[in-house]
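Read-outs throughout are calculated quantities, based only on the coordinates presented, and are distinct from any laboratory measurement. Not measured: the values here are computed from a predicted model. Note: ideal-geometry Cβ built from the backbone for every residue, glycine included; neighbour counts use all protein chains shown.
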Amino acid sequence: MPNQRKGPYSLSEKREMTRAQNMEKIEAAAWKVFSTLGLDGATVRDIVNDSEVSAGSFYNYYRTKEAVFDKLVARLIERIRLEIAAARTGAQDIETMLCQGYGAFMNMLLSLPGGAEFFERNQHHIRSRLFGSAQIRALLADIEIDIAGLGALESLSESERKLLVSIMFATGTEALFGALKTRDADIQGLAGFLARLLAHGINGSCKG
């Protein structure tokens, strides 16, 4: 029996491969442009020129620069969720869990090529997209489950628990924005300070 060899890619497969490659180029270029110029200062032409993909392809895939920005932020949030979940694993108390989570959150973002610039130049756009997004709801639910597993939220109502977890994430986010202003911030020291501050508040509220 003759050898069965897979034939050439079909036209639809080639188109899909080209589409995926072009989208990857556009997203990489958009990250660079948004990190340099910010969403407000960037144009579709800037992204197209840097990506070396045609303007027609850009508009077929995304239509607007905001659509690319939203995709980048959503992907970033998912990565944050996975990073801080891994960092919290094994923590035996609320302060350690918070310290490890905050440290992982800030270190990951500041270590990304262009990450500090991306956050610094797009702060208000990032804030507007954080809360209420499906990715953030999943992240906050993960944090709530982990903290509840330590018995730290037993005396709080459901609304109080959700508010507390939102405050914890917002505090870390604002601390990150503050750290970006100096670029030489002691990340671990900052993470430890936030963890102690919030752990004491949580313990106090649960005793009240």
- [ ] Please state the charge dipole magnitude for the chain, taken about the Cα centre, from unit charges on C-beta atoms (+1 on K and R, -1 on D and E), reported in debye and rounded to the nearest 20.
- [x] 700
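In the stretch 26-115, what trypsin sites (Lys or Arg not before Pro) fall in a loop by DSSP, with at most 14 other Cβ atoms inside 10 Å?
Those that pass, being in a loop and sparsely packed, are ARG63.
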- [ ] Only residues of the stretch 71-110 count here: report those whose backbone N is under 14 Å from the spot 7 Å along Cα→Cβ of ALA185, or say none.
- [x] 102-110
Task: Sum of -39500 (n - 2.57) over DSSP H runs of 4+, divided by residues of the chain (222 nm, nearest 500) - done: -26000 deg cm²/dmol
Task: Inter-part distance where the stretch 16-46 and the stretch 132-150 are each reduced to a Cα centre, Å - done: 30
Open item on the list: Of the listed values [x] -0.55, -1.18; [y] -0.64, -1.11; [z] -0.54, -1.03, identify the label whose number matches log10 I(q)/I(0) by the Debye sum over Cα atoms at q = 0.10, 0.16 Å⁻¹ calculated from this model.
Closed with: [z]
Open item on the list: So the label point goes 7 Å from the Cα of ALA170 along Cα→C-beta, right? Which residues of the stretch 134-162 then have their backbone N under 16 Å from it?
Closed with: 136-137, 140-141, 159-162
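For the chain, what number of Lys pairs, 8 or more residues apart or on separate chains, have alpha-carbon atoms under 22 Å from each other?
On the way: LYS6/LYS14; LYS14/LYS25; LYS25/LYS65; LYS25/LYS71; LYS32/LYS65; LYS32/LYS71; LYS32/LYS181; LYS162/LYS207.
Going through the chain pair by pair, I get 8.
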Task: HIS200-LYS71 FRET efficiency (beta carbon distance; Förster radius 45 Å; 0.05 resolution) - done: 0.70
Open item on the list: Using the basic label-point model (7 angstrom from Cα toward the beta carbon), what is the THR18 to GLU154 distance in nanometres?
Closed with: 6.3
